[in-house]
Amino acid sequence: MAFKTTLGTEIVQTFKFINFLKKATSYFCKIEKQGAVKNLDPKAKVALTDFSLDTNEIKAPAADSFEGNELGLSIRFEPSSLVESRSIL
């Protein structure tokens with residue numbers, strides 16, 4: 001996914017995927033910064049990122065057909081500098 005916005009604004013896009021499991025399940029998601037690590041959160045010891053999730057858990061109902069169930073995850077991007085920012089979901 002590619003996000004483009006100006007400093008001081010944010011944009012939200014939905015990452016969509018399909019659940020094919022025949023029983024209800026939960027997906028747990030996190031975002032990790034990619035590339036050079038410059039700013040670390042001293043308490044968490046992780047690189048800070050310009051991306052965030054509205055929720056870390058998605059509860060998926062059981063798929064009752066071969067098409068599965070489409071699920072969506074909202075990803076928020078708010079740039080903190082003028083350089084490119086990369087993360088992995």
Kindly indicate whether any position in the stretch 7-30 is surrounded by 10 or more Cβ atoms within 10 Å (Cβ to Cβ), on the phi < 0 side of the Ramachandran plot and modelled with pLDDT under 90.
no
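Considering only residues that are outside any loop (DSSP other than H, G, I, E, B) and either among the acidic types (Asp, Glu) or at pLDDT below 90 (or both), which ones fall in the stretch 63-86?
To start, the set of residues in the stretch 63-86 that are outside any loop (DSSP other than H, G, I, E, B) comprises 69-77, 86.
Correct list: 70, 86.
The values are calculated or read from the model by the stated rules, or taken from the named source; none is laboratory data. Just so we're clear, the structure is a prediction, and the values are computed from it rather than from any experiment. Reconstructed Cβ throughout: ideal geometry from the backbone, glycine too, with neighbour counts over all protein chains shown.
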